[in-house]
Ligand SMILES: [Zn+2]
């Protein structure tokens, strides 16, 4: 299993090799949420994030390996730069992998164990407040068909949109970076979600990129009707940029997803961030030459 300590160790290695690393903010339990930057600082940016759902920690390893691949093949990424945030929910991942004993506040431990109905957190998705971070964003918040309104291991929307430190950190960081595109990794289902009430011209634009991701990964496109309040939904509706949720991992396997299947996930997804960013930058430059604004946010 790939855990938070492994991530911090890998970060140190990136740093030693002169790769920019940092943090986007802190989690509920004051653990830092790291990022790795690879590429050029020329304004053409992308954000790739993983493990916003605790039990999907295999996606943190995926984001880390994607960053490594680009450091090793730095010549490939010449049109822009990518911020990788491998583990948006470090508290949840630790809870999942270690149980609640690492938490010093014993009231918090009791609260989490009662929400979880026991001490085995291996299927936990939420953060340390029992809020599901991927329904906590300000994008039709609270209107999802599976939303719940009290603390739970999954689907609890929180007290209000962006009530959680992790959500706040990711939205603030995104607004500061101003990415052209974002990619969110989840597990599982081998599906690509790309729609969130885009106007017709942006629907056409974003579907083309979703199709391109589908060709590279072999995953099918899906319609996330009824699902709201996610990071992808927020990026599409607030920033009007193309934004994708990619569910890696085959439904033939259960949760937590077996790491023995990681090679297949990596093979299908390793080069997706670079290819996606490069084609978007090329399209953006073409549009700008024709005097058309990239976001087309009419
Ligand atoms: Zn997920």
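Where a number appears in this text, it was derived from the coordinates with a stated rule and is not lab data. Because the structure is a prediction, the values reported are computed rather than measured. Note that each Cβ is placed from the backbone with ideal geometry, even for glycine, and that neighbours are counted across all protein chains shown.
Observations on the model:
- Estimated FRET transfer efficiency (residue 159, residue 238; beta-carbon r; R0 22 Å; 0.05): 0.65
- Were the residues from residue 267 through residue 211 laid out at 0.36 nm apart, the gain over their Cα-Cα distance would be 18.4 nm.
- DSSP beta bridges in the stretch 4-289 [antiparallel fraction, %, rounded to 5]: 40
- Linear extension gain, residue 107 paired with residue 176, 0.36 nm per residue minus alpha-carbon span: 21.3 nm
- Prolate/oblate/rounded label for the chain (Cα gyration tensor, a/c 1.5): prolate
- Between residue 293 and residue 197, the contour length at 0.36 nm per residue exceeds the Cα-Cα span by 32.6 nm.
- In nm, spacing of pseudo-spin labels at residue 143 and residue 253 (7 Å Cα→C-beta vector): 3.6
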